[in-house]
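What follows is a set of notes on a single structure, which appears directly below.
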Amino acid sequence: MNGPVIELDAEAAIGHLMRFLRVDGVTGQEANIAAAVIDELRKAGVPESAIRFDDANTRIPLPTETGNLIVELPGTRPGARVLFSTHLDTVPLCAGARPERRGDRIVSDGTTALGGDNRTGCAMLVTIVETLLKHDLPHPPITLLFTVREESGLHGSREMDPRVLGGPAMCFNVDGKLASELIVGAVGQENWEVEIIGRASHAGVAPEKGISATLVGAIGLAEASKAGWFGKVVKPDGTGTSNIGIFGGRPGQPAGDATNVVTDYAFLKGEARAPEAAFAARITEGYREAFATAQGMVKDADGAVARVTFSHTAAYPPFRLDQASAVVEVAARGVRSLGLEPVFLFSNGGLDANWLDRHGIPTVTIGAGQFEIHTVDEYVDLTEYVKCCRLAVTLATIA
């Protein structure tokens, strides 16, 4: 289905993106990029009274410069409020990025990641506003949400009070690749930690008097792998993934500091993901059982074992939208208006959409032209980016 052609200034949309890519704003340090976004919104005609920050940063358990940025536009026609969201932060690998336009791509100089995730989203939301106001396009009431600390745990969307958004009926979250791709669900994640306290002894003189915390940790991981809980997990009652991310010692220290001393302390941290929260928790339980087994396998000469403390917490919930839901139907209609056929995806990574959905706002994540994110090979495909901008403006007018 082809709809009316949206008047879009492609070079202006690219200009917003180039400006934002030059602004540092790694996770937790979003004040400068928020200021740049606000400046562009003001230039587009958004009044100061429509722009504010919430206080989510006061509840985030990590230092965070600012709250989520929220912008409200009154509707020019009747309709339920629509939310457009994206995140302000980038991964630390983007610090100091120097974007370069090469043909139909924007790339970094190869020493850092680019930051297209998610400067594309910031630029697209500004482009929505600029296009609606410049061409006086009819639209329902719209809220823009720019979240903080998405890359370090979806903290901004998690700690946000949804009442500050004005009661949107649906949301389009900008954080993807192709204009044709609609992310309608995502896995949930559990984080787990294990602290192992063994006993030090001279590894050459009396190793039998020690209890190696390192060995307990290594056996625990081997047991988890043997039981099918490591990496890609496929069981009769569910599927998911898991990983060990940290195997070290006390904060900032290795597990042990000399080869001639039996290691007396180790700290491990990992994750489990699954489409169902219960199965993510079951993977985590598999790791707990594996470390309990390992604890009993490593003893000193007197039969003593290490002290093993295992803990876990839910990081974010899974969600899956019905393809017959209103937000999915609107998103699909928007894609088809561009002459494309929508592709419905389920993400193996967490998104702000996970928490927005939990807050009661059904959310589809749409593309933004991002490729090879979180790597020094990252780039933005400008043809796709402009197509995604056109989709976003279309959704703002048809929702």
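The values are calculated or read from the model by the stated rules, or taken from the named source; none is laboratory data. Predicted, not measured: the structure shown is a model, and the values here were computed from it. Cβ: placed from backbone, ideal geometry, glycine included. Neighbour counts: every protein chain shown. Calculation scope for accessible area: heavy atoms of the full protein, side chains included, ligands and nucleic acids excluded. Shrake-Rupley method; radii C 1.70, N 1.55, O 1.52, S 1.80 Å.
Pull up the cross-link candidates among the lysines for Lys134, meaning alpha carbon to alpha carbon under 22 Å and not fewer than 8 places away within one chain. Cα-Cα hits under 22 Å: Lys43, Lys387. If you take the Cα centroid of the range 53-108 and the Cα centroid of the range 119-152, the two points sit 9 Å apart. The Cα center of the range 369-396 and the Cα center of the range 247-281 differ in position by 37 Å.
Based on the convex hull around the alpha carbon atoms, the range 121-201 presents an average projected area of 9.5 nm².
Inter-label distance, Lys226 to Arg250: 3.3 nm, where each label sits 7 Å from its Cα along the C-beta direction. For the chain, the relative contact order works out to 24 percent when only alpha carbon pairs closer than 8 Å and six or more residues apart are counted. With bins 10 Å wide beginning at 0, the percent of Cα pairs of the range 272-320 falling in each bin runs 24, 37, 22, 12, 4, 0. For the chain, the pair-distance distribution built from all alpha carbon pairs, in bins 10 Å wide starting at 0, is 5, 21, 28, 21, 13, 8, 3, 1, 0 percent. Per atom type, the chain shows carbon and sulfur on 52% of its accessible surface, probed at 1.4 Å. If you sort Leu345, Leu137, Leu165 by accessible surface, 1.4 Å probe, largest first, the order is Leu345, Leu137, Leu165.
So which chymotrypsin sites (Phe, Trp or Tyr not before Pro) in the range 242-294 are both in a DSSP loop and have at most 16 other Cβ atoms within 10 Å of their Cβ?
Taking the range 242-294 and a limit of 16 other Cβ atoms within 10 Å, no loop chymotrypsin sites (Phe, Trp or Tyr not before Pro) are found.
For the chain, complete DSSP H runs whose alpha carbons reach 30 Å or more along their own long axis and whose mean Kyte-Doolittle score is -1.0 or higher are 277-297.
Three principal axis extents describe the C-alpha atoms of the range 16-173; from largest down they are 49, 41, 24 Å. For the range 172-242, the calculated P(r) over all alpha carbon pairs, in 5 Å bins from 0 to the bin holding the longest distance, is 3, 11, 14, 13, 12, 11, 10, 9, 7, 4, 3, 3, 1, 0 percent. Using the Cβ-Cβ distance between Asn32 and Arg163 with R0 set to 25 Å, the FRET efficiency from 1/(1 + (r/R0)^6) comes to roughly 0.35. Of the whole protein surface, Thr214 contributes about 50 Å² of accessible area at a 1.4 Å probe radius. Per residue, the chain exposes 41 Å² of solvent-accessible protein surface, assessed with a 1.4 angstrom probe and all protein chains in place. Counting charges near Ala12 (Lys, Arg +1; Asp, Glu -1) among other residues having Cβ under 12 Å from its Cβ returns a value of -2.
Here the simple spin-label model places points 7 Å from the Cα toward Cβ, and for Met18 and Val376 these points are separated by 2.5 nm.
FRET efficiency for the Ala80 to Ala258 pair, using the beta carbon distance and R₀ = 56 Å, is estimated at 0.30.
According to the Cα-based calculation, Rg over Rh for the range 95-167 is 1.07, with Rh computed by the Kirkwood formula. One compactness figure for the range 288-399 is 1.73, namely its Cα radius of gyration divided by 2.2 N^0.38 Å. Overall, the anisotropy analysis places the range 56-138 in the oblate class: the square-rooted eigenvalues a ≥ b ≥ c of its C-alpha gyration tensor yield a/c not less than 1.5, with a/b not exceeding b/c. Only lysines eight or more places from Lys232 in sequence, or on another chain, were considered; those with a Cα closer than 28 Å are Lys177, Lys269.
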